[in-house]
1. Filter region 253-279 down to the residues that are in contact with an Asp or Glu (Cβ under 7 Å, 6 or more places away or on another chain) and either closer than 25 Å to GLN61 by Cβ or of a type in the set (Gly, Ala, Ser) (or both) and list them by number.
2. So GLU10 ticks every box in (1) in contact with a helix residue (DSSP H, G or I) (Cβ under 8 Å, 6 or more places away or on another chain); (2) assigned to a helix (DSSP H, G or I); (3) closer than 30 Å to ASN299 by Cα but one. Which box is left unticked?
3. When only residues in region 166-220 that are hydrophobic (A, V, I, L, M, F, W, C) and within 14 Å of the chain's Cα centre (by Cα) count, which is nearest to LEU11 (Cα to Cα)?
4. What do you reckon, is THR252 closer than 26 Å to LYS132 by Cα and of a type outside the set (Gly, Ala, Ser)?
5. In region 201-226, which residues are farther than 23 Å from ILE313 by Cα and either in a loop (DSSP other than H, G, I, E, B) or at pLDDT below 95 (or both)?
6. Where in region 34-123 are there helices (runs of 4 or more DSSP H), lying wholly inside it, with at least 2 residues that are in contact with a Phe, Trp or Tyr (Cβ under 8 Å, 6 or more places away or on another chain) and over 25 Å from HIS197 (Cα atoms)?
7. Looking at (1) out of contact with any strand residue (DSSP E or B) (no Cβ under 7 Å at 6 or more places or on another chain); (2) surrounded by 15 or more Cβ atoms within 10 Å (Cβ to Cβ); (3) more than 19 Å from PRO66 (Cβ to Cβ); (4) of a type in the set (S, T, N, Q), can you tell me which one THR147 breaks?
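The values are calculated or read from the model by the stated rules, or taken from the named source; none is laboratory data. Note that the structure is a prediction, hence the values are computed from the model and not measured. Every residue, glycine as well, gets a Cβ built from its backbone with ideal geometry; the counts of neighbours run over all protein chains shown.
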Amino acid sequence: MNFKMLPKLELHCHLDGSVRPRTIIDIAKEEEISIPCYNIESVENMMIAPMECNSLVEYLQRFELPIMVMQSKKSLRRIAYELLEDAAKENVKYIEIRFGPLLHTKNGLTLEEVIQSVLDGIKDAENNFNIKGNLILSCLRNMPVDTVFQIIEAGKKFLNKGVVAIDLCANEEAGFCEKFIEPINLAKECGYRVTIHAGETGIGENVLHAVKKLGAERIGHGVFIKDCPEAYSIVKKEKVILEMCPTSNIQTKAVDSYKNHPLYDFYKNGIKVTVNTDNRTVSNTNLTNEYDNLLKEFNITYEDYKEFYYNSIEASFADLKTKIELRNMI
């Protein structure tokens, strides 16, 4: 099966984890940003996480260099454009990019300017390539709760103009959902859809809380519902979509190998799963590669692929017109 030729959707892709290494060097030179080195091989080594990371924390260190150069309108616009260009080259027809706006205000940009710049890059790419994109605003769990309210307020004017959802991400601690109930409820009232990183690092109960307390429609990763029957049950019963990222999960030690990844078992047992990259550069992958690995380990069929594709359309935060167009592609 030639997955590169098939139309694809991606629902879980971080902007700062998917920057071209060459672009890091270009921006650093152009904007006179001091980075540790300007050699392409060295920059790649700093950005690409090994398959044998010790933890999610080590994996997240690979974002430090990209964030250093993602501090201007021009750089944010360029990086968003290039991400959609790279995705379009492998026949991704629709992508939802997520990023944390607060990480890009170090040089004085307002949150609104940061969001607008990324949306401009998405629009530029939509005009040049056969792809559509939307934006998810990520809030970092290790920042004060007040910052979530700031992002919700800043993003409101962009709802239905490219911004579609709110997300909670960064390192995962047990019971994190409780302190975010108020801001996530406000986000829903404003019209944001909700996807939450949970169950990525051994805490399946966080998925249960994300669904029950935060009203998560989708879960980023969700690997560890396998160890929490109550979480597994609610995900299956409520048809909560899992945004699964196999290569990333191996790197962060959520699983030890592709063959032991629970994605296919979840799917066979009626759980709605989707296939994603998480971070194209940090995980040195693309969506074609993720599907190729599923073919190699689980011998997935074309019917399986179509089910993943349709799950992604159903779960996407795209408008109805876009969903119909995507359905008609296969």
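1. Residues satisfying the conditions are ALA254, TYR258, ASN276, THR277.
2. The one condition GLU10 does not meet is (2).
3. First pass over region 166-220, keeping only residues hydrophobic (A, V, I, L, M, F, W, C): 166, 168-170, 174, 176-177, 180-181, 184, 186-187, 190, 194, 196, 198, 203, 207-208, 210-211, 214, 216, 219.
Cutting the leftovers down to within 14 Å of the chain's Cα centre (by Cα) gives us 166, 168-170, 194, 196, 198, 219.
Values: ILE166: 13, LEU168: 15, CYS169: 15, ALA170: 17, VAL194: 12, ILE196: 12, ALA198: 15, ILE219: 11 Å.
Taking the candidates together, the pick is ILE219.
4. Numbers: closer than 26 Å to LYS132 by Cα: no; of a type outside the set (Gly, Ala, Ser): yes.
No; evaluated as a whole, the condition is false for this residue.
5. THR201, GLY202, ILE203, GLY204, LYS213
6. Details: elements: 40-47, 56-60, 64-69, 73-89.
Output list reads 73-89.
7. The single condition THR147 does not satisfy is (1).
So that you can scan it fast, the table gives a plain yes or no per residue for (1) in a helix (DSSP H, G or I); (2) touching a Cys at 6+ places or on another chain (Cβ under 8 Å); (3) of a type in the set (A, V, I, L, M):
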residue: GLU153; (1), (2), (3): yes, no, no
residue: LYS156; (1), (2), (3): yes, yes, no
residue: ALA165; (1), (2), (3): no, no, yes
residue: ASN171; (1), (2), (3): no, no, no
residue: GLU182; (1), (2), (3): yes, no, no
residue: ASN185; (1), (2), (3): yes, no, no
residue: LYS188; (1), (2), (3): yes, no, no
residue: HIS197; (1), (2), (3): no, yes, no
